[in-house]
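*Asks:* Below is a structure I'd like to ask you about.
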Amino acid sequence: MSSDCLNCTAPVTQNFCPNCGQKSSTHRYSIKHFLAHDFVHGIWHVDKGILFTLKALFTRPGHSVREFIQGKRVPYFSFVTLILLILTASGLIAPYSHFNMSDLMPEGGKAAMSSTEKFISEHPKLILIVTIPIYSLLSFLWFRKAKLNYSEHLVLNSNRVIVELIMGLLISVVTIFYTDTKVIVFLLMVLVWF
């Protein structure tokens, strides 16, 4: 069952063209295809890998990161894109959130904060992102016997930050509906023990 690729006219005998990578089976373009594939996949590049990746990071974080580093990357979503998506979602939700982490501090503590401490408390997501290369360098130096290079430590620490960003995003969503500090403190305690 050999045919020619509709893209580059190379002979195709399997599911994808060996020359350009286009699928050998094409179908008629439709509204359903546009909405289900092109719109969702083209703009956000969201496919089944994002849900699989999030599930793996919460249920088996060590195994999933190890598999990704060892080359099993097809089922996993790009960690850089995932970080950007989470930050975008956090940015879109932030105006509706009625809570700030500094609200948990006593008034006397707020007055004693330095400008650096204020910046850190006002921009926790930025601090998480900036610390990825720093933590990667430290884990690279500390775990030299693991024989992972610095880039692989970047992947490892980026996935750690993804979990923290997801938990922060969930707290932000909750703070849209609940402004009671006691409920938020309870959720924070549950997440810390989780």
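The values are calculated or read from the model by the stated rules, or taken from the named source; none is laboratory data. Everything numeric here is computed off the predicted structure, so don't read it as measured data. Here the Cβ is made from the backbone with ideal geometry for all residues, glycine too, and neighbour counts use every protein chain on show. For the accessible areas, the whole protein counts, side chains as well, though only heavy atoms, and no ligand, DNA or RNA atoms are used. Shrake-Rupley method; radii C 1.70, N 1.55, O 1.52, S 1.80 Å.
*Asks:* Can you name every residue in the range 140-162 that is open to solvent by 30 Å² or more (accessible area, probe 1.4 Å) and either under 23 Å from residue 94 (Cβ atoms) or assigned to a helix (DSSP H, G or I) (or both)?
*Replies:* Within the range 140-162, 140, 141, 142, 144, 145, 146, 150, 151, 152, 154, 156, 160 qualify.
*Asks:* Somewhere in the range 90-102, is a residue modelled with pLDDT of 75 or more, part of a loop (DSSP other than H, G, I, E, B) and open to solvent by less than 70 Å² (accessible area, probe 1.4 Å)?
*Replies:* yes
*Asks:* Residues of the range 111-128 being out of contact with any helix residue (DSSP H, G or I) (no Cβ under 7 Å at 6 or more places or on another chain) and modelled with pLDDT of 80 or more, which ones?
*Replies:* 126
*Asks:* Residue by residue through the range 39-67, note down the ones that are over 20 Å from residue 129 (Cβ atoms), open to solvent by less than 40 Å² (accessible area, probe 1.4 Å) and either at pLDDT 85 or above or aliphatic (A, V, I, L, M) (or both).
*Replies:* Across the range 39-67, the qualifying residues are 56, 64.
*Asks:* While we're on this one: Return the residue satisfying two criteria in turn: it lies in the range 68-84 and is open to solvent by 30 Å² or more (accessible area, probe 1.4 Å) and closer than 16 Å to residue 151 by Cβ, and of such residues it is modelled with the lowest pLDDT.
*Replies:* 73
*Asks:* Let me ask another. Look through the range 163-194, keep the residues that are aromatic (Phe, Trp, Tyr) and assigned to a helix (DSSP H, G or I), and return whichever of them is modelled with the highest pLDDT.
*Replies:* Out of the qualifying residues, it is 177.
*Asks:* May I pose another question? Where the second residue is of a type in the set (D, E, K, R) and the first is under 12 Å from residue 87 (Cα atoms) and lies in the range 147-169, which pairs have Cβ atoms under 8 Å and are six or more apart or on separate chains?
*Replies:* 165/125; 168/125
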